[in-house]
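For reference, the structure discussed in these notes is given below.
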Amino acid sequence: MGGTQMAEMGNAAIFASGSLTISGLEKEFSIKKTRAYVLMQEGKLPFSKAASGRRLIPRAAVMRLLAEGLVQQPHVTRVEAAHAGA
């Protein structure tokens with residue numbers, strides 16, 4: 001199996017948990033766009049470009065960054081959590 005095929009298989013596996021756009025990353029995880037671009041440039045946040053040119057970020061990669069402490073989880077207040085469950 002060639003390197004390209006292996007890379008494609010790896011990409012498929014990392015994207016299996018879903019993907020986010022830059023805007024989705026900011027909305028769901030409160031990671032600012034500028035921070036996301038820096039992480040991508042440093043190679044710490046993998047991404048793929050869609051046909052539209054939008055960057056797609058694997059949800060699994062974001063979870064890994066959170067676990068490693070490279071980005072902080074958003075702070076949710078009790079009031080926000082109550083509204084989210086309503």
request  = Note down all Cβ pairs under 9 Å where the first residue falls in segment 42-59 and is free of Cβ contacts under 8 Å to residues at least 40 places away in the same chain, the second is in a loop (DSSP other than H, G, I, E, B) and among the hydroxyl-bearing types (Ser, Thr, Tyr), and they're at least six residues apart or on different chains.
outcome  = Ala50/Thr21; Arg54/Thr21; Arg55/Thr21; Ile57/Thr21
remark   = The helices (runs of 4 or more DSSP H) lying wholly within the chain that contain at least 1 residues that are of a type in the set (A, V, I, L, M), over 13 Å from the mean Cα position of the chain (by Cα) and modelled with pLDDT under 90 are 3-14, 78-85
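The values are calculated or read from the model by the stated rules, or taken from the named source; none is laboratory data. Not measured: the values here are computed from a predicted model. Every residue, glycine among them, receives a Cβ derived from its backbone with ideal geometry; neighbour counts consider all protein chains shown.
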